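The values are calculated or read from the model by the stated rules, or taken from the named source; none is laboratory data. Every value quoted in this text rests on a predicted model; they were computed, and no experiment measured them. In this analysis, Cβ positions are derived from the backbone assuming ideal geometry, glycine residues included, and neighbour counts consider all displayed protein chains.
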Amino acid sequence: MGIKSTVLFFVINFYLFLTSCDVGNCDVIADQIRFSDDEKYKGETYFLYTRTVGAHNKTIYFELYDQQPEFDECRKSNIKPVYSIPYEDYSELQYVQQLILQPNDSEKIKVIYTKDKTKGVENIYDVKFSR
């Protein structure tokens, strides 16, 4: 492929990526949603998802649901999360050492971080509830 055709290929694919959702119903770039884990607590099941927001300066949130959510093509849910907390990597990379479900507290998810890669989860999308 020549340079012009390569550039044209990327421009067309980027346009298709941006318009993959109906712009009238979605943000320009839809969030990325991933199921992470679920846990039962006193007869109720809680569902943990990660939501990645943004294209260049991405922010990742842990979202907790007390019902199994369903997401549309724009990553909007039929229910609201009961709790949402950002993944805090600050200026240096930190790893999640523990993610504790505590649905009776105002802070429904407690995240304990470590800078030691061997004690934490390397891929943020692999975080599970601590058991």
Does Tyr49 satisfy being in contact with a Lys or Arg (Cβ under 7 Å, 6 or more places away or on another chain), surrounded by 11 or more Cβ atoms within 10 Å (Cβ to Cβ) and at pLDDT 90 or above? yes
Looking at Glu39, is it in a strand (DSSP E or B), in contact with a Ser or Thr (Cβ under 9 Å, 6 or more places away or on another chain), surrounded by 13 or more Cβ atoms within 10 Å (Cβ to Cβ) and free of Cβ contacts under 8 Å to residues at least 40 places away in the same chain? no
Take Thr50 and tell me if it is in a helix (DSSP H, G or I) and either out of contact with any strand residue (DSSP E or B) (no Cβ under 7 Å at 6 or more places or on another chain) or touching a residue at least 60 places away in the same chain (Cβ under 8 Å) (or both). no
Output the number of residues of segment 103-118 satisfying the condition of being farther than 17 Å from Leu48 by Cβ and acidic (Asp, Glu). 1
